[in-house]
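For reference, the structure discussed in these notes is given below.
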Amino acid sequence: MNLDQTKQALVGEWSSLATEIRPSSLKNQDGSLKPFYLKRDFRYEADDRFELVIINFADPYGKVPLARILIRGHMTWVGDHPVAAGAQKVDFVADEAYEVTPLIQGFADLLNQVAGKDYAHWEVGGTQSIFGKSFAPFGLVEGNNFMEYDLVYLSHNLLFWGARNIDGRGFNSEANRPTNLQIPLVRKGSN
C-alpha cells in the first residue's frame, strides 16, 4: 500500500486482541525488566487525528486493571519504514489531551506519593489531565507535548505499530524509532 491507501485503510477503530506484554523501563530487584501488561483501543480519523486509550493491568490475563490512560492528538507521516513493504514512519504527538485515571487503590496511592505536587488528590476512578504538565511517572516535562517516533503497518486487516525496544527504551527520538512489529490491533467489530 502507498501512503494514501494506508491512511484510508487506517480510518476507524482498532483494539487489542488480548492483553499484551512489553518490557517497561523499570527493573526488578534482580535487574530484569518488569513486564508491562496492557490493552489498547485506537481510533484514527482522516484528518490525521488519533485517540488512544490504554488500560494497564497488574497481571498477564487482564483481570486486575491498574490505570486508564487517554492520549489524543495528531499523527505526522514521515516516510517509508524498512520493516515491511508499505510500512510508514509515523510520529504521534499528544497535542490535544493526556489523561490518567487510577483504577485500583494501590496505584492511586502510588501516584499520590510520586505525582502529588500540582495535582488534586489521586482517587480511584478520578481522571486528571496531565496534558502540558510535568508528570514524573511518565517522564513528562511541563510545556512539552508527549511524542513518539513510531511506525504503522497494515496487513491482513491487522494494524501493527512498532515493538517496544527490548531494553525498555521508549520511542522518544528518531534513533529509538522501532525496527520491528508489535502485537497487532484488530479492527473493532471484526474480532
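The values are calculated or read from the model by the stated rules, or taken from the named source; none is laboratory data. Everything numeric in this text was worked out from a predicted model, so none of it was measured. Positions of Cβ are backbone-derived with ideal geometry, glycine not excepted, and every protein chain shown enters the neighbour counts. What goes into the accessible areas is simple: the full protein's heavy atoms, side chains included, and nothing from ligands, DNA or RNA. Shrake-Rupley method; radii C 1.70, N 1.55, O 1.52, S 1.80 Å.
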* Rounded to the nearest 10 Å², the accessible area of residue 160 at probe 1.4 Å -> 40
* Overall form of region 114-191 per C-alpha gyration tensor (a/c, 1.5; a/b vs b/c) -> oblate
* **Computed over region 40-191: relative contact order in percent, which uses C-alpha pairs under 8 Å that are six or more apart** => 16
* To do: Could you pull out every residue, at least 5 positions away or on a different chain, whose amide H is within less than 5 Å of the one on residue 140? Hs are placed 1.01 Å off N in the peptide plane, and Pro or chain starts have none.
  => 135
* Structure fact -> A 1.4 Å probe over the protein heavy atoms gives the chain a carbon and sulfur accessible-area percentage of 52
* Cα gyration tensor shape of region 1-79, rounded if a/c is under 1.5, else prolate or oblate by comparing a/b with b/c -> prolate
* Structure fact -> Once amide hydrogens are built 1.01 Å from N within the peptide plane, the residues lying 5 or more places from residue 151 or on another chain with amide H under 5 Å from its amide H are 90, 162
* Structure fact -> Over the chain, with neighbouring protein chains present, the accessible area per residue in Å² at probe 1.4 Å is 52
* Asked: Anyone know which of 29, 113, 88 comes out most mobile in the 10 Å Cα GNM of the chain?
  -> 29
* To do: Would you mind checking which residues have amide H under 5 Å from residue 66's amide H? H placed 1.01 Å from N; only 5 or more apart, or other chain.
  => 56, 57, 58
* Which shape class applies to region 68-127: rounded if a/c is under 1.5, otherwise prolate when a/b exceeds b/c and oblate if not, where a ≥ b ≥ c are the square roots of the Cα gyration tensor eigenvalues? -> prolate
* Might you work out the accessible area of residue 95 for me, using a 1.4 Å probe with all protein chains in place, and round it to the nearest 10 Å²? => 60
* **Net charge, residue 174 excluded, C-beta distance under 14 Å - Lys, Arg +1, Asp, Glu -1** => 0
* Roughly how many Å² of residue 77 are accessible to a 1.4 Å probe, to the nearest 10? -> 40
* **In order through region 27-36: 3J(HN,Hα) via Karplus (6.51 cos²θ - 1.76 cosθ + 1.60), integer Hz, x for Gly, Pro** => 10, 6, 4, 7, x, 6, 6, 6, x, 10
* Average projected area of the Cα convex hull of the chain, in nm²? -> 11.1
* At a 1.4 Å probe radius, which order do 66, 17 fall into by accessible area, largest first? => 17, 66
